[in-house]
Amino acid sequence: MSEYFKTTPIANMTGAYDVKGKNVVVTGGNRGIGRGISTAFAQSGANVVILCRNYESGKAAVDDFAQYGNRYDCYQCDISDLESVKAAAKKVFEFYDHVDVLVNNAGVATTTDFLDPDKGLSEWHRIIDTNLHGVANVISEIAPSMKAAGLGGEIINISSVGGVRVSGSKDHHNSPYNASKAGVDIFSRYLAVTLGDHGIRVNSIQPGPIHSDLDKDLPPSFIQAIEHELPVHRFGEPIEIGALCVYLSSPAGAMITGVNLPMDGGLLTVH
């Protein structure tokens, strides 16, 4: 018998996209793209735990999910704070006996010029601490138990097309966001290699223009470019990112790992 965990290929399309009963954790799953991801899993029959800073918002989300008939909960967590992550992970494993899917979605952005003498460097550390160190904090507390369970699983890190492009930076200063998302992409590929022997697949999704809480920070020129130049001529919706997460976590996604997958409406083809 092989010492390695081998994922199982689908034999036909029956249940190919089924995630019913899977135990899912979504950071920042209370709003924006994260809410779309949490909703997609809940509507697809998965159990969902949300980790977020705003407990009231997260609790409202899981209360709404009750209509779908599975198990849901929310725990307050600041992913940039390792002790907060440890406390939340302990609650996760009191709620679940194992985790099948971890989605690292929580993130922040900025509009501050890196060389701003007052806030440039502090904003750099704030963004990196959440978007990159935060992802590492959560994985360090969840992935070992996924390995120990011996059931395989999926880790999805929500990155951004901002990790591979910096066009528009003169109008929209976001250098720590760009750097953090580039780091998430390469970290995901590293984890795909090191966790593959345990049947844990790791991918990142690079959203492009998606309606979220970050819309308010976008310059008008960017919004106009989306409407006129983007091949799909619209912003994406959070539930569409959720649908991709469900696919990657389903039997149909069993051959996909180590991929940085754009979901950008063609943005990278034109900018």
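Sorted from fewest to most neighbouring beta carbons within 10 Å, what does the list Glu240, Glu83 look like?
Values: Glu240 18, Glu83 9.
Ascending number of Cβ neighbours within 10 Å: Glu83, Glu240.
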Relative contact order, percent, the chain [alpha-carbon distance under 8 Å, six or more residues apart]: 23 percent
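With a/c under 1.5 counting as rounded, go ahead and sort the chain into rounded, prolate or oblate using the C-alpha gyration tensor (a ≥ b ≥ c being the square roots of the eigenvalues; past the cut-off, prolate if a/b is larger than b/c, else oblate).
Details: a/c = 1.55, a/b = 1.40, b/c = 1.11.
Prolate shape, in that a/c is at least 1.5 and a/b is the bigger ratio.
Any idea what the relative contact order of the stretch 68-211 is, in percent, if you count C-alpha pairs under 8 Å spaced at least 6 apart?
Numbers: 216 pairs, mean separation 39.0, N = 144.
Result for the stretch 68-211 is 27 percent.
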Would you please give the residues with an amide H less than 5 Å from that of Cys74, counting only those at least 5 places away or on a separate chain, with H modeled from the backbone geometry? Ile50
In nm, to one decimal, how far is the modelled label at Leu268 from the one at Val232, with both set 7 Å along Cα→Cβ? 1.4 nm
Shape verdict for the stretch 1-127, please, from the Cα gyration tensor: rounded (a/c under 1.5), prolate (a/b greater than b/c) or oblate. prolate
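Work through the residues other than Lys119 whose Cβ is under 10 Å from its Cβ and net out their charges, Lys, Arg +1 and Asp, Glu -1.
Details: positive: Arg126; negative: Asp113, Asp116, Asp118, Glu123.
Result for the neighbourhood of Lys119: -3.
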Placing unit charges on C-beta atoms (Lys and Arg positive, Asp and Glu negative, everything else neutral), compute the dipole magnitude of the stretch 100-152 about its Cα centre in debye, rounded to 20. 240 debye
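Rounded to the nearest 20 Debye, what is the dipole magnitude of the stretch 23-270 about its Cα centre when Lys and Arg each give +1 and Asp and Glu each give -1 at the C-beta? Walk me through the numbers before you get to the answer.
Working: 18 positive and 28 negative charges, 79 e Å.
Rounded to the nearest 20 debye, it is 380 debye.
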How would Ile33, Ile205, Ile139, Ile128 line up from fewest to most surrounding beta-carbon atoms within 10 angstrom? Ile128, Ile139, Ile205, Ile33
Amide proton proximity set for Asn260, modelled H, under 5 Å, gap of 5+: Ser204
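Residues with beta-carbon under 9 Å from that of Val161, excluding Val161: net charge, scoring Lys, Arg +1 and Asp, Glu -1? Could the numbers behind the result be given before it?
Numbers: positive: Arg165, Lys181; negative: Asp264.
Once positives and negatives cancel, what remains is +1.
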Provide the net charge surrounding Gly266, with neighbours chosen by a C-beta distance below 15 Å and charges set as Lys +1, Arg +1, Asp -1, Glu -1. -2
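Bear in mind these aren't lab numbers, they're just calculated from the coordinates by the rules spelled out. Just so we're clear, the structure is a prediction, and the values are computed from it rather than from any experiment. Quick reminder, even Gly has a Cβ in these numbers, built from the backbone with ideal geometry, and neighbours come from all protein chains shown.
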